[in-house]
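Structure first, then comments.
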Amino acid sequence: MKNSVFPLVDSNASVAPLLIKRIDAIPVSLPLIKPMFMAGVRIEAAHNLVVRIEASNGMVGWGEAASAPLMTGDVQDGMLAVVNQILKPLLIGQNALDHARLARICHAGIHGSGGPKAAVDTALLDLCGKYLDVPVSDLLGGAVHKELRPMYLLGNASNDDNLIEAVEKLKQGIQFFKLKVGVKPVKEEIRFTLQLREELGPFVTLCADANTGYSLSAAKEYLSGIADAGLLFFEQPLRSGDVRGMALLARSTQIPLCADEAISEIKDILDYHAAGAASGINLKTIKIGGMSEAVRAANVCEALGLQINLACKVAESTIGAAALLQLGAVINNLDWGISITNHYLVADLATDPIHAVKGGITLARKPGLGIDVSDAEVNRFRTR
């Protein structure tokens, strides 16, 4: 069947083809500075997949995806197999500048597998941006934001540590926090949410994420108890398949609900909206299948009047962070913020790691993702 998606650059144009010569799928294990606790899991290291795509002219593009067995079902060995056995044969010898067409081919090439698709999609865009000497945001429609203010995740084993960390980060200029709940007894999480609001003050943006860790009754108890805490949103309290429960919960509270683990394709967004089960959506490239598909999903959200929170999985290196920033730059309705996670790692894979200054990141107009990846660091953390 003829593909209706036009290539990024017409085959008759004066720009020479950018032929894909080699694709390397590289499993890495990146240790966190300290464990991150969330419902059902303790994360001490990020088991990610790095994808390196080399063109016949020697130029290289990079992409990354985190394994997420409890969210996407992707594990590292599986992601490695998808790239090597499914996606790589589809792309070798193709013109990378036909990115839109190649993205659709990869999307149709295997069901699910959002992580490996995302890593490949990002690497293709990075390669094209470097070749055309434009940032990836230009390839995705053009930036509407010049600065983004990432949120900071609070997921320590003890709430005392959460409080100490939040106050310290506030002094550094961070004014946007997400508290991980669904881990401790509900009454304790209610008490601490209210305490955190009091300590941080009324002007700091605060939200909470249960990562599917609550029952319907526990979620109602939590929302009732923190009704005066001024949360921007409450993220995925119930298991991903419980659309009815989320809809019931949404009708019981004034606090907006955000769907995260439940969203793996655009149909899920439509289903949650139709049920009145969420006021906004957490978009992750590893869930939706790449930056290109995330732009399509963001356009659907905007048309439906849904807010967007854009996030990396805990934890992706500067490769994933740079991709998220380029994506965030083009999303108009990014009202619920952005979450990059490379600063939770002991070491990064880039020579110039991304970091916020006084709580914000100014987007530079550099080609591709705008970063330089260190081959030495990739090899250092390579698991095989």
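The values are calculated or read from the model by the stated rules, or taken from the named source; none is laboratory data. In this text, all values refer to a predicted model and were calculated from it rather than measured experimentally. Heads up, the Cβs are rebuilt from the backbone with ideal geometry, glycines too, and the neighbour counts pull from every protein chain shown.
Can you work out which of the residues in region 81-116 that are charged (D, E, K, R) and either in contact with a strand residue (DSSP E or B) (Cβ under 6 Å, 6 or more places away or on another chain) or over 19 Å from Ala65 (Cβ atoms) (or both) is surrounded by the most Cβ atoms within 10 Å (Cβ to Cβ)?
Asp98
Does region 313-330 contain at least one residue that is more than 12 Å from the chain's Cα centre (by Cα) and of a type in the set (A, V, I, L, M)?
yes
Would you be able to tell me the number of residues in region 128-170 that are among the polar types (S, T, N, Q) and surrounded by fewer than 18 Cβ atoms within 10 Å (Cβ to Cβ)?
Final tally of qualifying residues: 1.
Leu132: touching a residue at least 60 places away in the same chain (Cβ under 8 Å) and either in contact with a Cys (Cβ under 8 Å, 6 or more places away or on another chain) or among the acidic types (Asp, Glu) (or both), yes or no?
no
Mind checking which pairs have a first residue in region 74-101 that is in the same structural domain as Val60 (by TED's automatic domain parsing) and at pLDDT below 95 and a second that is surrounded by 17 or more Cβ atoms within 10 Å (Cβ to Cβ) and among the β-branched types (Val, Ile, Thr), Cβ under 6 Å, 6 or more apart or different chains?
That search, which allows pairs on different chains as well, returns nothing.
Among (1) outside the structural domain of Arg365 (by TED's automatic domain parsing); (2) more than 22 Å from Asp74 (Cβ to Cβ); (3) small (Gly, Ala, Ser); (4) not in a helix (DSSP H, G or I), which single condition is Ala143 missing?
Unmet for Ala143, out of (1) outside the structural domain of Arg365 (by TED's automatic domain parsing); (2) more than 22 Å from Asp74 (Cβ to Cβ); (3) small (Gly, Ala, Ser); (4) not in a helix (DSSP H, G or I): (1).
Do the conditions hold for Ala229, that is, is it part of a loop (DSSP other than H, G, I, E, B), surrounded by fewer than 24 Cβ atoms within 10 Å (Cβ to Cβ) and touching a helix residue (DSSP H, G or I) at 6+ places or on another chain (Cβ under 6 Å)?
So Ala229 passes the test.
Which of the residues spanning region 349-384 are of a type in the set (D, E, K, R) and touching a residue at least 60 places away in the same chain (Cβ under 8 Å)?
Lys358, Arg365, Lys366, Arg382, Arg384
So that you can scan it fast, the table gives a plain yes or no per residue for (1) buried (at least 24 other Cβ atoms within 10 Å of the Cβ); (2) touching a residue at least 60 places away in the same chain (Cβ under 8 Å); (3) part of a loop (DSSP other than H, G, I, E, B):
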site	(1), (2), (3)
Leu270	no, no, no
Ala278	yes, no, yes
Asn299	no, no, no
Ile319	yes, yes, no
Ala322	yes, no, no
Leu325	yes, yes, no
Asn333	no, no, yes
His343	no, no, no
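Any residue in region 56-69 that is at pLDDT below 95 and surrounded by 14 or more Cβ atoms within 10 Å (Cβ to Cβ)?
yes
Residues being farther than 30 Å from Lys358 by Cβ, modelled with pLDDT of 95 or more and of a type in the set (Lys, Arg): count how many of those fall in region 171-198.
Residues flagged as farther than 30 Å from Lys358 by Cβ, modelled with pLDDT of 95 or more and of a type in the set (Lys, Arg) within region 171-198 amount to 2.
With respect to Asp228, determine if the residue is under 30 Å from Ser137 (Cα atoms) and either more than 25 Å from the chain's Cα centre (by Cα) or among the charged types (D, E, K, R) (or both).
In short, no.
Can you confirm whether region 117-127 contains a residue that is touching a helix residue (DSSP H, G or I) at 6+ places or on another chain (Cβ under 7 Å), in contact (Cβ under 8 Å) with a residue 24 or more places away in the chain, buried (at least 19 other Cβ atoms within 10 Å of the Cβ) and over 19 Å from Arg52 (Cβ atoms)?
Within region 117-127, none of the residues are touching a helix residue (DSSP H, G or I) at 6+ places or on another chain (Cβ under 7 Å), in contact (Cβ under 8 Å) with a residue 24 or more places away in the chain, buried (at least 19 other Cβ atoms within 10 Å of the Cβ) and over 19 Å from Arg52 (Cβ atoms).
Residues in region 236-256: is at least one touching a residue at least 60 places away in the same chain (Cβ under 8 Å) and buried (at least 17 other Cβ atoms within 10 Å of the Cβ)?
No.
It is to be established whether one or more residues within region 180-203 are within 18 Å of Met71 (Cβ to Cβ), out of contact with any Lys or Arg (no Cβ under 7 Å at 6 or more places or on another chain), surrounded by 16 or more Cβ atoms within 10 Å (Cβ to Cβ) and of a type outside the set (A, V, I, L, M).
yes
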